[in-house]
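Laboratory data are not the source of any read-out in this text; all were calculated from the coordinates shown. A quick note: this is a predicted structure, and the numbers were derived from the prediction, not measured. Reconstructed Cβ throughout: ideal geometry from the backbone, glycine too, with neighbour counts over all protein chains shown.
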Amino acid sequence: MRIPLTRGGGFFAPRHEGATILYCFTTQRRRPKGFGHMDDSTRMERLRALPSIDELLARPSVSSLLAPHSRNLGVTAVREAVASLRARILNGEDVRFDEKDIAAALARLSGPKLKRVINATGVVLHTNLGRAPLHAAAIDRIAQIAAGYSNLEFDLDEGERGSRYQPVVELLCALTGAEDAMVVNNCAASVLLIASALGNGREVIVSRGEAVEIGGGFRIPDVMRQSGAGMIEVGTTNRTRLDDYANAITDQTALLIKVHRSNFALVGFQEEVTVRELAKLGHERAVLTYVDLGSGLAKPLHGEGLSGEATVASVVAQGADVVSFSGDKLLGGPQAGVIVGKRDVLARLKKHPLNRALRIDKLTVAALEATLELYRDGREDELPVRAALTASLETLHIRATRLALLLGTGVKHRVVETRGRVGGGSMPLADPPSWAVVLEGAGATIHDKLRAGETPVVGRIADDEVWLDVRCVADTELEALAAAVRNLKW
Ligand SMILES: *Cc1c(COP(=O)(O)O)cnc(C)c1O
């Protein structure tokens, strides 16, 4: 699938995550120039000139290259280097063996597969690029806790078993105004746990406009089926009224569910019920109300182009019995599924057997606690996600200009204003203005090379040119980004 481009520097990143994957990672392999015209005998000659694996392994210079690695890895690297040369020759390229090829294969094989990537897409919460980068305080806390033992499930005052959520419960309650809080592995796990613990064997009511797919195949109807709750859909795709819910409530109803439209928007002739109305109905009819917020804005964001998203606290204040949201979306912390709400409801969730299977690990608790402390201390705008979203146009312009200077005169480029995305299934309509450096005359092939480099860079392509949006590029990454571009063989 190709996404149509808009001319004149328009931003075309699709509005939901699934398609973003296709966009960013679609590569167009081009046939090299002259393919099919090259003389077969020239090709055969070049192939014959390639040294054999045994010959290479016997060379002292190659042996010393391989010395720091295991024999297995070394042999694999030599095989890969030769195989790749072979493929390139067959493809018509004029290449010869060089020991650098073995060094490159060794680096690829021995280096980590999960690597730092420079995000020049302008999409702040890019699920494929790991969503929220952590604040230094959260990283330090992870390092401290990871290096030794901790009181993860040990109450130091009482000297007995404690709860692993304890470190974050008070912070979450203070932030959201809820009575109680708990945390699981991610927000998808929250939805599954809540539907299973509260809805199994009974019915849950969901608006047709909110029976959505969240991304990565996580579909509300499927999750409800998995949880053993019968899902009753009410209303229509674009309009659902309070009566629709009220008329569907029976003695089998366990839960009224509201799912945040995180990754798409309904515009035009549409109507939905507020959390306040739904919770009031629920209380009157003795049915619980659950709001899955997904993106979970913890404190208001003030930035150009960011639409008015409700905070978690405002949803809790409207009377929802239980609310879930992600730790690594707008909150700006580690991957986690945060659940806040009424004490008796959360007690049922904590007791459910699925909770043990979905539990959060200690490194996440550590990072989440440090992240929430920043909110407590009024320092939340230091969080990388919030800083990227609220960066002023002037800051972004300066950053783009610095990048352009670092690129130097060897690379043809221009600095232009553009628009970004929040991403990660958050604020689908927001398109905060940003600045980008456009690599002139560089298309998909250059983008492929940037992605495959030692410091991988993912940008975007518009009008057949590579755009490097600086919104999510840290100032400390500018030099590495410029070097990655300068070092390319164009
Ligand atoms: C993103 C999202 C989820 C899933 O959250 P993860 O943390 O990615 O598991 C669930 N519900 C909504 C409404 C979301 O936006």
(message) If you restrict to DSSP beta bridges whose two residues both lie in region 188-258, what percentage is antiparallel, to the nearest 5?
(response) 10
(message) If packing is taken as the average number of other Cβ atoms within 10 Å across a peptide's residues, how do 306-312, 158-164, 331-337 rank, most packed first?
(response) 331-337, 306-312, 158-164
(request) Mind running the shape call on region 275-383? Use the C-alpha gyration tensor, a ≥ b ≥ c as the square roots of the eigenvalues: rounded below 1.5 for a/c, prolate if a/b tops b/c, oblate otherwise. (result) oblate
(request) Tell me which residues come under 5 Å, amide H to amide H, from residue 336 once H is placed; ignore anything under 5 positions away on its chain. (result) 187, 327, 328
(request) Report, for the chain, the % of DSSP beta bridges that are antiparallel, rounded to 5. (result) 55
(message) From the phi angles alone, apply the Karplus equation (6.51, -1.76, 1.60; θ = phi - 60°) to region 437-443 and give each ³J(HN,Hα) in whole Hz, x where the residue is Gly or Pro.
(response) 9, 9, 8, 6, x, 9, x
(message) Give the residue list of GluC sites (Glu not before Pro) in region 379-445 that are DSSP loop and have at most 16 other beta-carbon atoms within 10 angstrom.
(response) 440
(request) Multiply the residue separation of residue 267 and residue 47 by 0.36 nm, subtract the distance between their alpha-carbon atoms, and state the gained length in nm to one decimal. (result) 73.1 nm
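Neighbour counts of other C-beta atoms within 10 Å: give me 418, 237 arranged from fewest to most.
Details: 418 22, 237 12.
So the residues, fewest neighbours to most, are 237, 418.
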(request) Quick one: what are the phi-derived ³J(HN,Hα) couplings along region 205-214, Karplus 6.51/-1.76/1.60 with θ = phi - 60°, whole Hz, x for glycine and proline? (result) 10, 10, 5, 4, x, 10, 7, 9, 9, 8
(message) With the crude spin-label approximation of a point 7 Å out along Cα→Cβ, what separation in nm comes out for residue 356 versus residue 302?
(response) 4.9
(request) Please list, in chain and number order, the residues 5+ apart from residue 239 or on another chain whose amide H is under 5 Å from its amide H, with Hs placed from the backbone. (result) 271
(message) I'd like the distance separating the alpha-carbon centroids of region 46-99 and region 251-310, in whole Å.
(response) 59
(request) For the pairs 113/449; 115/449; 280/351; 299/362; 280/329; 412/489, note any where the Cα-Cα span goes beyond 22 Å. (result) 280/351; 299/362; 280/329
(request) Take peptides 404-412, 296-304 and line them up by average Cβ neighbours within 10 Å, highest first, as a rough protection proxy. (result) 296-304, 404-412
(request) Just name one of 235, 110, 303: the one whose Cα is farthest towards the positive end of the charge dipole of the chain (beta-carbon charges, Lys/Arg +1, Asp/Glu -1). (result) 110
(message) At a 10 Å Cβ-Cβ cut-off, how would you order 227, 326, 392, fewest neighbours first?
(response) 392, 227, 326
(message) Along the Cα→Cβ direction, 7 angstrom out, place labels at residue 70 and residue 155. What is the inter-label distance in nm?
(response) 4.7
(request) For residue 57 paired with residue 454, estimate the spin-label separation in nm (one decimal), with each label point 7 Å from Cα along the Cα-to-Cβ line. (result) 2.8
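Quick check on the chain: helices-only [θ] at 222 nm, where DSSP H runs of length 4 and up contribute -39,500 (n - 2.57) each and the sum goes over total residues. Nearest 500, please.
-12000 deg cm²/dmol
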(request) Using amide H atoms built 1.01 Å from N in the peptide plane, name the residues 5+ places from residue 297, or on other chains, whose amide H lies under 5 Å from its own. (result) 312
(request) Be a star and scan region 191-208 for residues whose amide nitrogen sits under 17 Å from the point 7 Å along the Cα-to-Cβ vector of residue 348. (result) 191-206
